[in-house]
Amino acid sequence: MPVVEYKCIVKAPMEPVWGFVSVIEKWAPFLKGYEEHEELNDKESVWTLKGDVGVLSRTVKMKVTITNWDDEAKRVEFELDGINEKATGGGTFIATSESDSETELIFKLEINAGGMIGPVVNVLLGPMLKPVAKEMAEKIKARIEELQG
Amino acid sequence: MAIKKPGKWDLETEVLVLGTGCAGLPAAILAHDNGAKVMVLERTAKVGGTTAVSGGGVWVPNNHLMKEKGIKDSKEAAMTYCKRLSGGKSSDELIEKYLDVVPEMIQYMVDNTPIKFEITELSDYHPEFEGAHQGNESRTLGPLLYDTNELGDAKENLRVSPTMSMPMTFSESRQWKPTCTPEKVPWEKMGERLANGITCWGGGVTAPLYKACLDRKIEIVLNTRAIDVVMEDGKVIGVVAQQDGKDICVGASKGVILACGGFEWNEELKTDFLPGPITHPCSPPINEGDALKMGMSAGAALGNMSEQWGWISAIIPGEESEGIQLNRGIIYERSMPHCIIVNPKGKRFVNESAAYNDMFKPFWEVDENTLKFKNLPAWAIFDQQYKDKYPFLTAMPGEDVPEWLVQADSLEELAEKINIDAAGLKETVEKFNGYVKDNKDPDFARGDSEYDLYWGDDRNEPCACLGTLEKPVFYACEMLLGSLGTKGGPKTTLDGQVIDAHGKPITGLYAAGNAMASVAGGSYFGGGATIGSGMVFGYLAGIHAAKQ
Ligand SMILES: Cc1cc2nc3c(=O)[nH]c(=O)nc-3n(C[C@H](O)[C@H](O)[C@H](O)COP(=O)(O)OP(=O)(O)OC[C@H]3O[C@@H](n4cnc5c(N)ncnc54)[C@H](O)[C@@H]3O)c2cc1C
């Protein structure tokens, strides 16, 4: 199963970092291929993304379910379930205070293509995930730092 | 009008090849091996062209592998067959040249480059015609697996197919039958091969030929698009090309070989020359008729301009490659039992299982009263029996029905949804179901030719390509006008030299592959006839140019 973890240090205290990460609307457009998302309730939403599989790009609809939202531990866990493609997965966002002015952000994502040709899709998906996670985390970091002035 | 010689060349070589497909790579290799300094200009950032995304089959009558296996063939038999097919649109001399050279060319490539082939089980496209071969004595060669790691860093330059990337050989695909029994395919193994850089199909042709160019230190200049020829005293001596937003002049003292494809992605040229539309070509969006324009600029005589390698396609809306909608070829889907193709009247109009180039022709039929294409829009119609057993594009049997397939519980409802004549569709299906029971299609002879059975399901009794449509749910998918490429362009001598309107060779200008007036005329001899002819005339042009 293709898995990726990306860590970065945001030059901002925990409060504004968590304040930003915990409002999905703020960072959703930073996800590569993001087209739209619709909230079904406070735990579930449907995301439309344009994703690359090798040299092919497909519009994928995914149901995202928040399974753990921990304001104390500054940790969000979610599950993914493909609507128009056979794929499942999940991920975590963790913010950890490093100092008064620095916060570590960890973004973990795993996706498993299902169906008969899943093993092949996973091979193609693997190399695509890392740049996606990196780009998203770096954009979040840049935006928070920009807001901090 | 061609450009005059500049004061100074930006780049210089002896033989300049334009394009890196099945015509360009052999042209470069042979020009080099015959002593010339060679340079290749490739418009895109990737090597391989349409060839890289193709099936990679090569049609080689009388080849060395047939001889090794004791399969008898002769040039005469192949000649009789090809002449019958080309219908006088190609000269006998050109066909004869192809048949003479193709076995020699393949042997040369196998001996002097890392490319390797196997014999397939594909029959000629009209195995019922005199001189044709059946599947058990196939003239189509399929490439073997190739490890792209052999290319080192240059591996990144390879064009990769968005649809034919599964690294399996023709014989493996025949054994596993991904189109009939996808559950038999070792998908994990396919994933492993992909991850390990193994390629096949078109990649099994272009990757080893690219390696052969690298081994010979032939310079391939990427992202450089030739746009016009440079001429002096009636002779082509170079080209003007676009590179990094600038025009550069590239001199070629021995010759320029146009191997930069057809014009299937140029709307104006298609409108001017083709008798009907190609709305959804299946080649990558790279061939825009530059070779044709350069040929015209040099005063070339043109031939076969109304022809193309026909191929029906379909789309999965939103699926893109290279930033535009991907057009997927339809081949096995239309040939499987329980699937037919109908027109707006709900009527069948074609042998759905016939070879792609020929079954395309009725799609361009014009109604003499309305002056509209009478079979458009066309729809593939199939039932739940099909859905339960076979893939349709990416919709796998037993998996959910994707949004892009139209579905309904009855034929009437389906007809209404796709806006075709419901009574016509119902009558057609009833009639077709009767034909299936009689195991005879008197309307379009589907299943009569051995070729029709190749893409069917041989477990299906009594005929691999005939099955009723009777079990709801019923499904529909629009059949679109695709193409593998156009095949008209500058006319050539037997050595690939471009000729002018008076039949005189234009010194220094050659054409090969889809850039030239094809040896096949309006026909398709057998699986691999496109790549076969591209390779042969690239090979010949390379040798001739080097010897100037
Ligand atoms: C899905 C699919 C499957 C197919 N399967 C088969 C098969 O199994 N067997 C078979 O025989 N045929 C097959 N075909 C058809 C066959 O692949 C093509 O017709 C053939 O490869 C064309 O070869 P070519 O060298 O003429 O052009 P291409 O392979 O398209 O190469 C032309 C090259 O020229 C470059 N170029 C374009 N313009 C310029 C310019 N101005 N300057 C420099 N470079 C330029 C392009 O970028 C490209 O790299 C298939 C086609 C498709 C789409």
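The values are calculated or read from the model by the stated rules, or taken from the named source; none is laboratory data. Computed from a predicted model, the values in this text were never measured in an experiment. No Cβ is skipped: glycine too gets one built from the backbone with ideal geometry, and neighbour counts run over all protein chains shown. The protein model used for the area step is the full one, side chains on, heavy atoms only, and it has no ligands, DNA or RNA in it. Shrake-Rupley method; radii C 1.70, N 1.55, O 1.52, S 1.80 Å.
Principal-axis analysis of the Cα atoms of chain A puts helix A:118-148 at an angle of about 20° to the longest axis. Residues of region B:184-233 whose accessible area (probe 1.4 Å, heavy atoms of protein chains only) drops by at least 30 Å² once all protein chains are present, relative to their chain alone: B:Trp187, B:Gly191, B:Leu194. Length gained on full extension, B:Glu478 to B:Lys504, computed as 0.36 nm times the residue gap minus the Cα-Cα distance: 4.7 nm.
Taking one quarter of the surface of the C-alpha convex hull of chain A gives a mean projected area of 8.4 nm². Expressed as a whole percent, the accessible surface of chain B that belongs to carbon and sulfur atoms is 49, based on a 1.4 Å probe. Projecting each Cα onto the charge dipole of region A:3-148 (Lys/Arg +1, Asp/Glu -1 at the beta carbon, about the Cα centre), which of A:Gly90, A:Val23, A:Asn41 comes out farthest on the positive side? Among A:Gly90, A:Val23, A:Asn41, the one farthest towards the positive end of the dipole of region A:3-148 is A:Gly90. Distance from the alpha carbon centroid of region B:105-160 to that of region B:11-90 works out to 11 angstrom. The A and B chains share an interface that buries close to 1600 Å² of accessible area, total over both sides, probe 1.4 Å.
A 1.4 Å probe over all protein chains sorts B:Arg216, B:Arg139 by accessible area into B:Arg216, B:Arg139, starting with the largest. Relative to the Cα centre, the charge distribution of the protein assembly as shown, modelled as +1 at Lys and Arg Cβ and -1 at Asp and Glu Cβ, gives a dipole magnitude of about 1920 debye. Amide H contacts of B:Gly346 (H built 1.01 Å from N, in plane; Pro and chain starts excluded): B:Asp421 sit under 5 Å, all sequence-distant by 5 or more or on other chains.
With the convex hull drawn over the C-alpha atoms of region B:97-170, the volume per residue is 135 Å³. Helix content alone sets the calculated 222 nm mean residue ellipticity of chain B: runs of n ≥ 4 DSSP H residues at -39500 (n - 2.57) each, divided across all residues, give -8500 deg cm²/dmol. For B:His544, what accessible surface area do you get with a 1.4 Å probe? Give it in Å², rounded to 10. Counting only protein heavy atoms, B:His544 exposes about 40 Å² to solvent. Measuring only protein heavy atoms, the 1.4 Å probe finds B:Ile278 accessible over about 10 Å². Ligands, DNA and RNA are left out, and with a 1.4 angstrom probe the accessible area of the protein assembly as shown is 40 Å² per residue. If a/c stays under 1.5 just call it rounded; otherwise compare a/b with b/c (prolate if a/b is bigger, oblate if not). Do that for the protein assembly as shown, with a ≥ b ≥ c from the square roots of the Cα gyration tensor eigenvalues. Taking the square roots of the gyration eigenvalues as a ≥ b ≥ c, the protein assembly as shown is oblate. Rounded to two decimals, what is Rg over Rh for region B:161-273 when you use alpha-carbon atoms and the Kirkwood radius? Rg/Rh for region B:161-273 comes to 1.13.
Convex hull volume of the C-alpha atoms in chain B, normalised per residue: 145 Å³.
Computed from point charges on the beta carbon alone (+1 for Lys and Arg, -1 for Asp and Glu), the dipole magnitude for region B:205-256 about its Cα centre is near 260 Debye.
Charging the Cβ of each Asp and Glu at -1 and of each Lys and Arg at +1, and nothing else, the dipole of region B:361-493 about its Cα centre rounds to 600 debye.
Cα-based values for region B:315-483, radius of gyration first and Dmax second, are 15.3, 48 Å. Given a 1.4 Å probe and the protein chains as shown, B:Trp187 ends up with an accessible area of around 20 Å².
Its Cα gyration tensor gives region B:123-219 an equivalent ellipsoid; the semi-axes, largest first and in whole Å, are 28, 21, 9. Comparing Cα centroids, region A:2-19 and region B:389-440 end up 52 angstrom apart. Residues of region A:110-132 buried by at least 50 Å² of accessible area upon assembly of all protein chains, compared with the chain on its own (1.4 Å probe): A:Met116, A:Ile117, A:Pro119, A:Val120, A:Val123. Of all the options A:Glu35, A:Glu135, A:Glu72, the one that moves most in a Gaussian network model of chain A with Cα springs shorter than 10 angstrom is A:Glu72.
At a threshold of 8 angstrom on Cα-Cα distance, excluding pairs fewer than six apart, so keeping six or more, what relative contact order does region B:315-483 reach in percent? Contact order relative to length: 32 percent. Farthest toward the dipole's positive end in the protein assembly as shown, which of A:Val60, B:Gln385, B:Met39, given Cβ charges of +1 (Lys, Arg) and -1 (Asp, Glu) about the Cα centre? Final value for the positive-end residue is B:Met39.
Helix B:75-86 axis versus longest C-alpha principal axis of chain B: approximately 70°, rounded to the nearest ten. With unit charges on the beta carbon (Lys/Arg positive, Asp/Glu negative), name the residue among B:Pro186, B:Thr140, B:Leu540 whose Cα is farthest towards the positive pole of the charge dipole of chain B. Result: B:Leu540. A straight line joining the Cα centroids of region A:71-88 and region B:473-548 runs 52 Å. Of the residues B:Thr507, A:Thr48, the one with the largest accessible area comes first in the ranking B:Thr507, A:Thr48, computed with a 1.4 Å probe on protein heavy atoms. Measuring against 19 Å, Cα to Cα, the residue pairs A:Lys43/A:Lys134; B:Lys83/B:Lys270; B:Lys8/B:Lys254; B:Lys235/B:Lys487; B:Lys293/B:Lys491; B:Lys5/B:Lys254 contain A:Lys43/A:Lys134; B:Lys83/B:Lys270; B:Lys235/B:Lys487 as the ones spanning a longer distance.
With respect to the cross-link table entries B:Lys440/B:Lys471; B:Lys184/B:Lys361; A:Lys63/B:Lys177; A:Lys63/B:Lys184, which display a Cα-Cα separation exceeding 24 Å? Where the Cα-Cα span goes over 24 Å, the pairs concerned are B:Lys184/B:Lys361; A:Lys63/B:Lys177; A:Lys63/B:Lys184. The order of B:Arg328, B:Arg446 by accessible area, most exposed first and with a 1.4 Å probe, is B:Arg328, B:Arg446. Let's test the formula: R0 of 60 Å, r as the Cβ-Cβ distance of A:Ser97 and B:Asp421. What FRET efficiency results, to the nearest 0.05? That pair, A:Ser97 with B:Asp421, gives E of 0.30.
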